[in-house]
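Working notes, beginning with the structure itself.
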Amino acid sequence: MEGNSKPLVDQPWKSQLHLFKLPFFLLLIAAEAYITIKRWQPMFQLLPVLCILIYLAIQHYLSRPLPVYLLDFSCLRPPRHHRIPTSAFLEHATLHNYFDKDSLEFMSKIITLSGQGEETYLPTPLHYFPPKTGLRDSIGEAHSLFFPVIDDLFSKTRVTPRDVDVLIVNCSGFCPSPSLSSIIVNRYAMRDDIRSFNLSGMGCSAGAIGIDVARTLLRKRENSYAVIVSTEILSTGWYAGKDRRKLLLNCLFRMGCSAVMLTNKREKKSSSKYRLAKLLRTQRAFDDKAYRSAIREEDSEGITGFTLERGLLQVAADTLHDNVFSLGLSVLPLREKIICGFHLLASKLFKKGDQYVPDFSSAIQHYCLPASGKAVVREIGKGLKMRKEEMEAALMTFQRFGNQSSSSMWYQMAYMEAKRKVKEGDRVCQLAMGSGPKCNPVVWESLRDSSVDEAKKGPWFDCIGRYPLNDD
């Protein structure tokens, strides 16, 4: 179906309301003057005031931002032939002549301690000897990620490609020309007026940034759909050197892709899963130490890789702490907001004492955390005083699929839905953290209970009954 071109402007009624503002108030002033001159009864003096109150009420009602609903989402379930057990990964690494004995032992230790399972996936280019990391191979990898998950999303939502008004693709390490978003527009013959964006270099938090961009555009365009695709192209990020700080990505990052359908159509509320309740963005790129804690660079031999410094966890903790207060003041009940504000003021005045962590249990029921390994998830959970059950989705997602960068949040959401944990009215916080460093929590309010059918579809369809595992 052909879509009509929709200019990127505020809702037309909003601009029309502003056009009538000056004539309206001039008319009221004239009416007030006339009533005064004619010396009408005092009750007539209230008519202009009443008109002003009615006008302000109408303006407030019409000026509310358009709601943003999550219609549905899809997560890629890679084919079985992409599976890479730990033994196979280490055997392949041994056959590559650029890894020495120390590097192999280090990678074996990292994978073993991380909590990663035996059913994670690597893309086709990384199953070759040596791995194929050329442009053609990476574009082929992108095709294998994008098209199955986007096809599934259109099938679930019954939205056609030509209905889509906004397309956002985030992939940190691969930026071809034409862009990844153009590849999707070309494949699905989308409209010529679609607003397409390609976010690169934004790290594991880029999925939340994509949601933020979509939210901004949906508040400007009525009756619109937005698709956000999140993934990472691993063939371009493969590191073939000996720097241990760069070998971590080889060990932890695995294949994954998600696609999300958002809309601002009010009539779609009944068929949507969630409503976007809150989204915050903070970063610490202004701090040199934080900025360099996770960075893509060359090693001493000129081999490019992504460095993760030892102080990364502390940087993440500082970034998270800065964000927690802002989130608390946004979503907590009044009593907790007062306590949170008091501690924030005290920390600014005295600059000492233990760091206060708000009690989010009254405002948020479920969490999706950065799935960067068992130790990282537990450290974040400890910092936020979470219960074991609240860390379950992140731990099980990493065990089953590994670190899937920005798409991991949606695999965790799929886990909670498959377990039927999410009930109507519950709030789910996706705590997206990534290089920069950035911390971008997204809070969704559930519009319905998770259905029985969720366990029969999605990435967990044939294994959800095995979880949670006892990983202690």
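Of the conditions (1) buried (at least 20 other Cβ atoms within 10 Å of the Cβ); (2) at positive phi, Pro459 fails just one. Which one is it?
Only one criterion is unmet by Pro459, namely (2).
What are the residues in the stretch 195-211 that are buried (at least 18 other Cβ atoms within 10 Å of the Cβ) and either in contact (Cβ under 8 Å) with a residue 40 or more places away in the chain or closer than 19 Å to Leu431 by Cα (or both), if any?
Matches in the stretch 195-211: Arg195, Leu199, Met202, Gly203, Cys204, Ser205, Ala206, Gly207, Ala208, Ile209, Gly210, Ile211.
Looking at Thr216 and the list (1) out of contact with any helix residue (DSSP H, G or I) (no Cβ under 6 Å at 6 or more places or on another chain); (2) in contact (Cβ under 8 Å) with a residue 12 or more places away in the chain; (3) in a helix (DSSP H, G or I), which single condition is not satisfied?
(2)
Which residue out of Arg245, Arg275 is assigned by TED's automatic domain parsing to the domain that holds Lys421, basic (Lys, Arg), in contact (Cβ under 8 Å) with a residue 40 or more places away in the chain and outside any helix (DSSP H, G or I)?
The conditions single out Arg275.
Let's see how each residue does on (1) under 22 Å from Trp410 (Cβ atoms); (2) of a type in the set (Val, Ile, Thr):
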| position | (1), (2) |
| --- | --- |
| Phe154 | yes, no |
| Arg158 | yes, no |
| Val166 | yes, yes |
| Val169 | yes, yes |
| Ser172 | yes, no |
| Arg191 | no, no |
| Gly201 | yes, no |
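Asn223: polar (S, T, N, Q), closer than 26 Å to Pro67 by Cα and either buried (at least 24 other Cβ atoms within 10 Å of the Cβ) or in contact with a Leu (Cβ under 7 Å, 6 or more places away or on another chain) (or both), yes or no?
Numbers: polar (S, T, N, Q): yes; closer than 26 Å to Pro67 by Cα: yes; either buried (at least 24 other Cβ atoms within 10 Å of the Cβ) or in contact with a Leu (Cβ under 7 Å, 6 or more places away or on another chain) (or both): no.
Here the answer is no, as Asn223 does not meet what is asked.
Hey, can you tell me all the residues within the stretch 378-399 that are crowded, with 24+ Cβ neighbours inside 10 Å and either within 22 Å of Ala206 (Cβ to Cβ) or free of Cβ contacts under 8 Å to residues at least 60 places away in the same chain (or both)?
Ala393, Ala394, Thr397, Phe398
Restricted to the stretch 289-305, and to residues that are of a type in the set (S, T, N, Q) and farther than 10 Å from Lys246 by Cβ, which residue is nearest to the chain's Cα centre (by Cα)?
Taking the stretch 289-305 and keeping what is of a type in the set (S, T, N, Q), we get 293, 300, 304.
Now narrow it down to the ones that are farther than 10 Å from Lys246 by Cβ: 293, 300.
Working: Ser293: 21, Ser300: 34 Å.
Ranking the candidates gives Ser293 first.
Go through the stretch 169-189 and give me each residue that's out of contact with any Ser or Thr (no Cβ under 8 Å at 6 or more places or on another chain), assigned to a loop (DSSP other than H, G, I, E, B) and buried (at least 20 other Cβ atoms within 10 Å of the Cβ).
Residues satisfying the conditions do not exist here.
The values are calculated or read from the model by the stated rules, or taken from the named source; none is laboratory data. Note that the structure is a prediction, hence the values are computed from the model and not measured. Glycine also receives a Cβ, built like all others from the backbone with ideal geometry; neighbour counts cover every protein chain displayed.
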